[in-house]
Every structure is written in C-alpha cells, then in structure tokens.
Amino acid sequence: MDNLLEHFVTLWVVIDPIGTIPVFIAVTAGLEAAARRRTALLASLISAGVLLFFLIFGQLLIEALDIGLNSFQVAGGIILFLFALTMIFGESKQEIERRQAEEDRGDKMHQHNPAIFPLAVPSLASPGAMLAIVILTDNHRFSAADQGITAMVMLVVIAIAFVLMLLAEPIIRLIGHSGAAIISRVMGMILASVAVNSVLSALLEIMKTGQL
C-alpha cells in the first residue's frame, strides 16, 4: 500500500498517544501500579473497539444516509483541519483533558471509570480519529486488503499508546508537560497538511467524476 506511511502519520496524529500521557497520569493519580496497568489496558481495548466499529460500519452508516464519500471526505478534511488549528493555536488536547480529569476526580458525584472517559473516549478514540478511520478505509478507493492493513496500523498506534501509558511517569519527567504540549502542536501542523491534502484530493475526484 503506497500511502501506508501517510495512514500511519494520520492515525498517529488523531489518536495522539503522546498527548494521552498527561491525561493518563491525571486520571490514575493515587491508583496502585496494578490498577494503573488495568486502566491502560481497558482504555486501549475500548478505544480499539470503537475505532474498529467505525472502520467496519462507518461508511455503511454514511451511505445509508445517502451522503457521498467525496462530500464526506471534504467535510472530514475541514473538520480535521479545524481540529488541527485547535492543536496549534488553542489549549492542547492533553491540557484540556487533564484539567477535566482533575476536576472530575475532585467531584465525588462523578464516579465513572477513567478507562472509558476520558482515556478511551475522547482521548484515544477522538472524534477526529473516528472520522479519519472512515476516510482512510473508503470502500470505493481501498481494497479489503488495504483496509485490513489500515486496521493493523490503527491497532499498532493503539498498542504504542498502551505502552506509553505504562511508561507515563518517566516520559513526563523526561519531556515535561511543556514538551508534550510542543509535540502536540507539531502534530497539529502535520494534521493540518494531511487535512488539506484530503480536501484537495476529494475536490479533484469530484471534478474528474462529477460525483459527490
């Protein structure tokens, strides 16, 4: 698959394993090591399940609503671009989610499983990741084998996120929260480029085929 690297970079950026590290530290503060490992594993499994659901059924849902894939790709590219702008100019994903996690942990009325929220959704299986996985496995552009490879790439990124969560504290001590924020903004620049490329590719396809 010629665009394997592009798919890896896109999924890496939208899943953002590094940006999840501060969130993981915030929501698992005070837990024993075994509980932290269980939380990391459960978050990884749930996020992988959510993204696999969108990989398999996302396009079927879109076509059931009679939405053209080119139109969806343009809309998806625009949304990913706006998401990238928030990564570049706004408060970084990890800063927002870490603050929310700390607020929820301090509120005794909120007793949810941190592996589900905010780690699995929306930190790993973010709206941008759900959207990207649908675009990257378009049935009209990619064969079943290509889609299987993309699924494996996605699972590899999730597995890397799992390992990074297990190594969260040493990594944060090494790069610091500021370092994580800088990396997030660099990833935002890459995502913006990928999003623009997605929109332009869809527009060229519309002009060639006349189909939305």
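The values are calculated or read from the model by the stated rules, or taken from the named source; none is laboratory data. Predicted, not measured: the structure shown is a model, and the values here were computed from it. Virtual Cβ from ideal backbone geometry, glycine too; neighbours counted across all protein chains shown. Side chains are part of the model used for accessible areas, which takes the heavy atoms of the whole protein and leaves out ligands, DNA and RNA. Shrake-Rupley method; radii C 1.70, N 1.55, O 1.52, S 1.80 Å.
What the table below lists for this structure:
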| quantity | calculated |
| --- | --- |
| Solvent accessible area, Å² - His140, 1.4 Å probe, full protein context | 140 |
| Candidates Val74, Val186, Val157, ranked by Gaussian network fluctuation over the chain, Cα under 10 Å, top entry | Val186 |
| Value at 222 nm in deg cm²/dmol, rounded to 500, when DSSP H runs of n ≥ 4 in the chain each add -39,500 (n - 2.57) | -26500 deg cm²/dmol |
| 1.4 Å probe accessible area per residue over the chain, in Å² | 50 |
| Heavy-atom accessible area ranking, 1.4 Å probe, most first, across Asp146, Asp66 | Asp66, Asp146 |
| Peptide ranges 17-28, 115-126 listed from the most packed, as the mean C-beta count within 10 angstrom indicates | 17-28, 115-126 |
| Helix runs (DSSP H) in the chain reaching 24 Å along axis by Cα, Kyte-Doolittle at least 0.0 | 33-64, 69-89, 144-166, 168-209 |
| Size of charge dipole - the chain - debye, nearest 20, with Cβ of Lys, Arg +1 and Asp, Glu -1, no other charges | 420 |
| Exposure ranking of Phe81, Phe89, Phe53 by accessible area [1.4 Å probe, largest first] | Phe89, Phe53, Phe81 |
| The chain: most fluctuating residue of Ala129, Ala34, Ala43 per GNM, C-alpha cutoff 10 Å | Ala34 |
| Solvent accessible area, Å² - Ile62, 1.4 Å probe, full protein context | 20 |
| Selected from Ser47, Val157, Thr28, residue furthest toward positive end of dipole (the chain; charges at beta carbon) | Thr28 |
| Listed residues Arg185, Arg173, Arg37, most fluctuating in the chain (Gaussian network, C-alpha, under 10 Å) | Arg173 |
| For the chain, with +1 on Lys and Arg beta carbons and -1 on Asp and Glu, the positive-most of Leu131, Ile15, Phe117 along the dipole | Phe117 |
| Rounded percent of accessible protein surface that carbon and sulfur make up, the chain, 1.4 Å probe | 69 |
| Net charge contributed by nearby residues that have their C-beta within less than 12 Å of Ala132 (K/R +1, D/E -1) | -3 |
